[in-house]
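Encoded as structure tokens, the structure appears first; notes follow it.
None of the figures in this text is laboratory data; all of them are computed from the coordinates on show. Remember, it's a predicted structure, so these values are computed and weren't measured experimentally. Cβ atoms come from the backbone with ideal geometry, glycine included; neighbour counts cover every protein chain shown.
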Amino acid sequence: MNGFQIEERGFFKKLDWNFIIPLLLLQFIGIINLYSATHGVAEIETDRLFLSQIFWLVNGWMVFIFMTFVDYQFFLRAAYLIYALNALALIAVMFFGKVALGAQRWLDLGFFSYQPSESMKLCIIMVLAKVLSQKSYPDGMGVKDLAFPLLILIGVPFFITAEQPDLGTAMMILIIGSSILFFVRIRRSILIAMTALLVVGATGAWFFGLRDYQKHRIYTFIDPNQDPRGKGYNSIQSKIAVGSGQMLGKGFRKGTQSQLEFLPERHTDFIYSVLSEEFGFFGSFFTIATFGLLYLAMLRIAQQARDKAGALLTIGVMASLFWHMFINIGMVIGLLPIVGIPLPLLSYGGSNMLTTMAALGLVSSVSYRKYLF
Amino acid sequence: MSQYLPSNEMEAKQYHPRYRLAYLLVGFTVLVFSFRLWYLQIINGAELRQFSEQNSIKETKIPAPRGIIYDRNGEVLVENLPGFEVTLSPQYVSNLEETAEALGAALNMPASYVMQLVQKSRRVNGPFRSVRIKDNLTRDDIFNIEVLKQDYTGVDIKETVLRAYPLHENGAQFFGYVGEVSKRQLPLLNEKFSAKGIKFQQGDLIGTSGLEEGYDLELRGKDGISVAQVDAHGREAFGDPMGLLGSMGGVTQAAPGRNLILTIDKDIQEAAWQSFLEGNRIGGAIAMKTNGEILAWVSAPSFDPNEFSTGISPDLWRRLVNDPDKPLRNKPIQDHNSPGSTFKPLIALASLAENVVTPNTVVACPGALRFGSRLYHDHLKGGHGNIVITQAIERSSNVFFYKMGDRLGIDKMFHYCDGLGIGRRTGVELGGERSGLMPSAPWKKETIGEEWQLGENLSVAIGQGFVLTNPLQMAVAYNAIGNEGKIVKPFVVKRILSNDNKVLRENEPQVVRDLADPSGPYHVKKEVFKTVKEGLRLVVNGERGTARGSRLAYIEMAGKTGTSQVMSFSADQIYGSCEARPKYQRHHGWFIGYAPADNPEIAFGVLAEHACHGASGAAPVAKAMVAAYVAKYHPEWLERDLRKTKKAPGAPAAEPSSNIEGE
């Protein structure tokens, strides 16, 4: 019932398998599914995508294990520095960044294109965990408490990313940051005031301030690469793909929607619809449930964290993974509008895989040093 | 315990009430998503399954016709013709190898070539783009494919628009041609045009030379899209079980490109080309109105741009590239040559403007001039005797201009020739214009690293040495002499019209600078222009004019012949017959000028490569262009005979007076 026991437990015993098993399961599903998405009947030479994802997966695990061994307090101590460096990289993108798909998001590092806005999410989580754990807010945070974390720590990267323009990632930065603030607790009066302001402002603008073409422009601003026809096309095709999976799906590499004429982004943003088509309700539900289990495991890790910073860190990472999944799957199954947000652990992408695994590594580090009741 | 755990362990518990909310959120989300999946996959699943198997949506590009190019009077110069192409949609093909075999057999091409096309398109455009296998189908091709379509899925015949050039070889380098966007160009083009909202695919047409390239953004329209439901084999299907297609179906029509009205006159263009053909000439020619509107633009030998529209064969392409006569080059602006004697009027202008000679100064012109240790020859062995400046132009005396060059020096020659536009781009809208070169002492010091030699003044004065120019540049300079001062900016597009023929933009003539402007840096007096013009008139109309053979009865042309040496020869070779030499050692012939001589309306520049003489090689082209111009715009003149009414006044001081300048 005390610390001596913690000392004696071995490495494998100290890992939280409730957390790692859903993670491994999701990655397994991801790899199988990506193979299908990149090896259509009509495709040649797509092994490159698949193999590079395996490469990033292996690297991701190395990062994960490294993060597990290093005490997360070390990262929290360096949080400001890491945050500042990443913010500099974000600014560098504005000047030296590679323009792709109409936005400037990538830094070309030779062997791969690095997207600083992706790792910025993690930096915000770390720096917020550090700042907010230093004080306690028994009555919730007031206006003064909120000013620094909200306007500076979240606000600066938000505006830089929105400027790129990558409104999808900017929105994620805001949502993740706000989730942590909300978790720490904000005074009810402020919450009510902010909600009211948001609702009144947005509805007022929507109904009175904006003309049709302006609303239209907002849609295209969020994702400038898709014209309305293309957007409708993707949404419809995605729904057809998901629905046509029925109970058990069409079978591995048998999805007609994904294998034939379908979305160009099926290995990234629409990866979930490939899964739903080929593995049906059974596979789709299993995946969502596994995501759910992963989140529950993370919530448990947060509850058992040895300090406030560890708890906030875990909550932040969980919020990040949760909202990504929420928006991505919500979009694929037609509950939310089309936004270019990847599905963590399943979508193809090196930057995303590395940051996700680094973030989960931090959680693992918290869990490794957890307080046992 | 406290040595292992930080002191704020209890504080972490402050958060405990907050977790309930998080658990709820996760549970709620899993629940909602599951219900939605249930709704889509179980409740609507059967219907959507059917939909996915029988129907999918296929987008087909409707290519936009490019704008039509008209001449100044509305005659069609470049247009579009309907054609047919056969395409293959790989995603609907059940067995690619078999289909490729069948297609190859039907179209008379190797099956491996079909496979190559498909793989190339996949690499570049992804797997869902239909691949053009062959265009410009013949009637037989269409019949064969129609039969084949029954047995092989994914094969389609589509209507296309073919770019057509009714003038064929005539002006091909000027109009340019269209080609398909290649794999290598694709990323570059997309980067370049992403700001303009244009996205290219491999196989899209793009203007790759001449006007087609320069005005590509105007000429290219916006491709349309037709969206249709097709079954899993690519055949059009009907029915819309869930109303999913709704507004998606249907067609966005292609918007044709903008039309161009050129300054070109088709008849003059044809006349110029015919005269190149008849004389079997190589070279370039332009004619322009004195305000800068180009009337004709010819470069020979040429090629047929229609061949490019249907995909040029590698064989023909290789032949064009390797042809020593350079048919792909736009010679009026891309060939560099020394102007030879056509440069003399420019030097005459400089000499008179700088007062190193007067219209009445008589200069002794023997057969050669010794300068330093070198003997500078005249092309006439015996020399021209004692002559004034107008006679020097008429007879093209070298020695006279050697002396002028010596008196002026390079700085002054540079000043005026640069002012006349030598060594400067004219600014015409066509791509690839070369600037030519007007040398100067600082230029030589900088690029070659040597001092200017006084002997070089003599070479420059007769248009040799470093001087390089092209027919358009020379025509602009002569035009400035003809209209007494104004350097105009030549242009070829008069109006840009929307596809329903509303005027969108009109190009106005522009004067770049006026050499006669008394407050400008040149302030050349009117009398100076008048004297040079008289000399140029005599070249064609005088008793001993070098271009007398190209005289027209009803209009007085003015101009100057010239030859440009392709290589240097020793003194005795100079007088040898040019025609006796191998073709590629023969001189180039020039003829530059304007008409009518007193009050010009049209200026021209002709370069006839390897033609030995300007008078026989180049002047007939100018004559043909001027004749076509008069026939069209001043038919009443055709009745005149100026030779009777207007006796050539000759030089003002034909008799040698006492002030003969000796050596």
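Key figures
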quantity: Whole-Hz couplings from phi, Karplus 6.51/-1.76/1.60, listed for segment B:463-470; x for Gly and Pro; calculated: x, 10, x, 7, 5, 9, 7, 9
quantity: Electrostatic dipole magnitude of chain B [Cβ: Lys, Arg +1; Asp, Glu -1; Cα centre; debye, to 20]; calculated: 1100
quantity: Radius of gyration and Dmax over the Cα atoms of segment B:397-538, both given in Å; calculated: 17.9, 62
quantity: Label point 7 Å beyond Cα of B:Asp418 along Cβ direction - residues of segment B:332-356 with amide nitrogen under 17 Å; calculated: B:347, B:350-351, B:354
quantity: Translational D in µm²/s for segment A:316-373 (Stokes-Einstein at 4 °C, 1.567 mPa s, Kirkwood Rh from C-alpha pairs); calculated: 102
quantity: Residue-averaged beta-carbon neighbours from other chains (10 angstrom radius) around A:331-343; calculated: 1
quantity: Computed lengthening from A:Ala205 to A:Leu336, 0.36 nm per intervening residue step minus Cα-Cα distance; calculated: 45.1 nm
quantity: Positive-pole candidate from B:Ile462, B:Thr563, B:Tyr478, dipole of segment B:445-584, charges at beta carbon; calculated: B:Tyr478
quantity: Set of segment B:98-115 residues, backbone N closer than 17 Å to the point 7 Å along the Cα-Cβ line of B:Glu146; calculated: B:106-107
quantity: Using a Förster distance of 51 Å, the FRET efficiency for A:Ser136-A:Leu248 (Cβ separation, nearest 0.05); calculated: 0.50
quantity: Protection proxy ranking of B:580-591, B:491-502, A:356-367, B:509-520 - average other beta-carbon atoms within 10 Å, highest first; calculated: A:356-367, B:580-591, B:491-502, B:509-520
quantity: Inter-chain shielding of A:246-254 (mean C-beta neighbours from other protein chains, 10 Å cut-off); calculated: 2
quantity: Hull-based mean projected area of segment B:266-661, where the convex hull spans the alpha carbons, in square nanometres; calculated: 22.3
quantity: Extension reserve of the B:Ala631-B:Gln50 stretch, reckoned as 0.36 nm per residue once the Cα distance is removed; calculated: 201.9 nm
quantity: Mean Kyte hydropathy of -1.0 or more with a Cα span along the axis of at least 27 Å, helices from DSSP in chain B; calculated: B:16-37
quantity: Eligible lysines near B:Lys403 by straight Cα distance, threshold 21 Å, same-chain separation 8 or greater; calculated: B:Lys344, B:Lys381, B:Lys412, B:Lys533, B:Lys560
quantity: Peptide-level mean, for B:17-23, of C-beta atoms on other protein chains within 10 Å; calculated: 5
quantity: Computed label-point distance, nm, for sites A:Asp71 and B:Ile42 using a 7 Å Cα→Cβ extension; calculated: 5.1
quantity: Cα gyration tensor shape of segment B:141-220, rounded if a/c is under 1.5, else prolate or oblate by comparing a/b with b/c; calculated: oblate
quantity: Computed Kirkwood radius, in angstrom, where 1/r is averaged over Cα pairs of chain B; calculated: 29.5
quantity: Positive-end residue, chain B charge dipole about Cα centroid, Cβ charges, pick of B:His415, B:Pro305, B:Ala547; calculated: B:His415
quantity: Per-residue Cβ neighbour rank within 10 angstrom, fewest leading, B:Glu543, B:Glu433; calculated: B:Glu543, B:Glu433
quantity: Share of pairwise Cα separations in segment A:281-344, more than 12 Å, in percent; calculated: 70
quantity: Along each principal axis, Cα extent of segment B:323-478, largest first, Å; calculated: 46, 34, 32
quantity: Segment A:125-187 versus segment B:354-397: alpha-carbon centroid distance in Å; calculated: 90
